[in-house]
Amino acid sequence: MNRFYVVLTVLAVVLGITVFTLLRAGGGAPPAAAGPPPTVRDDGFRGYSLGQGSAPVEVTEYLDFECPVCATFATIQMPTIKEQLINTGRVRWKFRDYPLPIHKYSRFAAHAAQCAGAQGRYFEMQDQLFAHHQWAQTGKDPSSLFRSLAQAAGVDLNAYDVCMQAGRYAQRIEYSRQEGDSLRVDGTPTFFANGKKLAFRRLPGSDDFKAIADSIIAHAPTPKPRH
Amino acid sequence: MRSRQAIALLALVGLFVALYLWLHALGFGGPIKCGASGGCETVQTSQWAVFLGFPVALYGVVGYLAVLIVALVSLRPAALVERKWNVMLGVLATAGVVFTAYLTYLELFVIHAICRWCVGSAVIITSMWIVSILSLRSPAIHTDRAVSPPPRDLPA
């Protein structure tokens, strides 16, 4: 047999074995971060907040990172809400995790956001996860993508990897989910305004929240002048 | 002949690179093995990872496979002297280089992420293109029977 064809055959076999090995190696989301923890402990954390502490209205949003409606709300409505309600000091917006069991990687994404939050990059990571939401439609393991999103969010990847491998915030996320259950959260996103659950027939927009904030502020008791 | 063999070997390597990326795009094998940078996932999950409804890597598989087949066919003894195979390989390699240049532009200036596998493929297709162009410039071997002098009977 011609030497060239021997080389070609050997190369094809080596490359075939290499590709097979690469595909088999898998990798993937660390179970500690991707699955529910065996026990749940309250670490006192009650969600990352946007806005001033003195804002008269506090909106709490229970979200699932894999939920397409949450992504739509985050990318389309939130910029206006931030500009008109949060940055003006009228509303404080709090994010709580409510990973739905039907979503394979929502808990993992919530954990990625929490690990980014440990480095002061929660909101940047949240933006990345929602802005590149194709990961939620492919069904593929997003662990490598989340690393690159974390990097884009300014997260130190070494600390991020340690956090994800350890599943450091798995209990926090599960506590938030159970808290949502106790508040009768039945889907995502679910909103509460000053503790009262908001009911919408459709995905609310910035105008809905503006109206709610206006109503709460208008009915808030005015402080009595001192004499 | 050497240039066609080189092109065949390069096409084989490129075929497996594209095959890995395509199988990954289909959901096999978990996260892509791409080193610490993570750029491959960013590229592979971007909107530009799909071209005309198919994963970009599939075009790589088809392209490299086409080059490999043409290169192997051109290595048949009967085809060795035919210049048209050099032209065909040159055309295929040029199309590959143009498509790769477009993808590299997207990586650098639109997606802002670099995928090492894509860089590897770009190096392969560029090498293939250089070899194919050099083989086009080399003197052709002509054995056109229509213009060859007819064999003469030797005088007895």
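Here, each number is a calculation from the coordinates, and none is a lab measurement. Treat the numbers as computed from the prediction; the structure is a model and nothing was measured. Every residue, glycine among them, receives a Cβ derived from its backbone with ideal geometry; neighbour counts consider all protein chains shown.
Neighbouring Cβ atoms from other chains, within 10 Å of the Cβ of residues in A:145-155, number 4 on average.
When the charge dipole of chain A is built from unit charges on Cβ atoms (+1 for Lys and Arg, -1 for Asp and Glu) and taken about the Cα centre, the candidate among A:Cys70, A:Leu50, A:Ala29 whose Cα reaches farthest toward its positive end is A:Leu50.
Annotation: for a label point projected 7 angstrom from Cα along Cα→Cβ of A:Asp42, no residues of the range A:101-140 have a backbone N closer than 14 Å.
Relative contact order for chain A: what is it in percent, counting Cα pairs under 8 Å that are at least 6 residues apart? Present the calculation step by step, with values, prior to reporting the outcome.
Details: 299 pairs, mean separation 70.1, N = 227.
It comes to 31 percent, rounded to a whole number.
Taking amide hydrogens as placed 1.01 Å from N in the peptide plane, the amide H of A:Gly167 sits under 5 Å from those of A:Ala33, each at least 5 positions away in sequence or on another chain.
Across peptide A:15-23, the average count of Cβ atoms from other chains found within 10 Å of a residue's Cβ is 5.
Subtract the Cα-Cα distance of A:Ser54 and A:Gln165 from 0.36 nm times their separation in residues, and report this length gain in nm to one decimal.
Values: separation 111, 0.36 × 111 = 39.96 nm, distance 3.72 nm.
Computed gain between A:Ser54 and A:Gln165 is 36.2 nm.
Put one equal scatterer on each alpha carbon of the range B:2-137, apply the Debye formula with no solvent term, and list log10 I(q)/I(0) at q = 0.15, 0.19, 0.21 1/Å to two decimals. The Debye formula, applied to the Cα set alone, gives -0.70, -1.01, -1.16.
Put simply, the Cα atoms of chain A extend 106, 36, 32 Å along their principal axes, the longest span coming first. Peptides A:206-219, B:64-77, ordered by how many other C-beta atoms sit within 10 Å of their residues on average, highest first, read B:64-77, A:206-219. Among A:Ala150, A:Ala32, A:Ala118, the largest mean-square fluctuation in a Gaussian network model of chain A, built with springs joining Cα atoms closer than 10 Å, belongs to A:Ala118. For the protein assembly as shown, the percent of C-alpha pairs falling in each 10 Å distance bin, counted from 0 to the bin holding the largest distance, reads 5, 19, 22, 17, 13, 9, 7, 4, 2, 1, 1, 0, 0, 0, 0. Here the calculated FRET efficiency for B:Leu134 and A:Ala211, from their Cβ-Cβ distance with R0 = 56 Å, stands at 0.20, rounded to the nearest 0.05. From most to least packed by mean Cβ count within 10 Å, the peptides A:196-202, A:79-85, A:67-73, A:34-40 give A:67-73, A:79-85, A:34-40, A:196-202.
Cβ-Cβ distance of A:Val69 and B:Thr94, R₀ of 45 Å, FRET efficiency by 1/(1 + (r/R0)^6): the value works out to about 0.45.
Counting only other chains, and only Cβ atoms inside 10 Å, what mean value do you get across the residues of B:90-102?
On the way: counts 0, 0, 0, 0, 0, 0, 0, 0, 0, 0, 0, 0, 0.
Partner-chain Cβ atoms within 10 Å, mean over residues of B:90-102: 0.
Residues whose amide H lies under 5 Å from that of A:Arg92, counting only those 5 or more places away or on a different chain, are A:Val57, A:Glu58, A:Val59; hydrogens are built 1.01 Å from N in the peptide plane.
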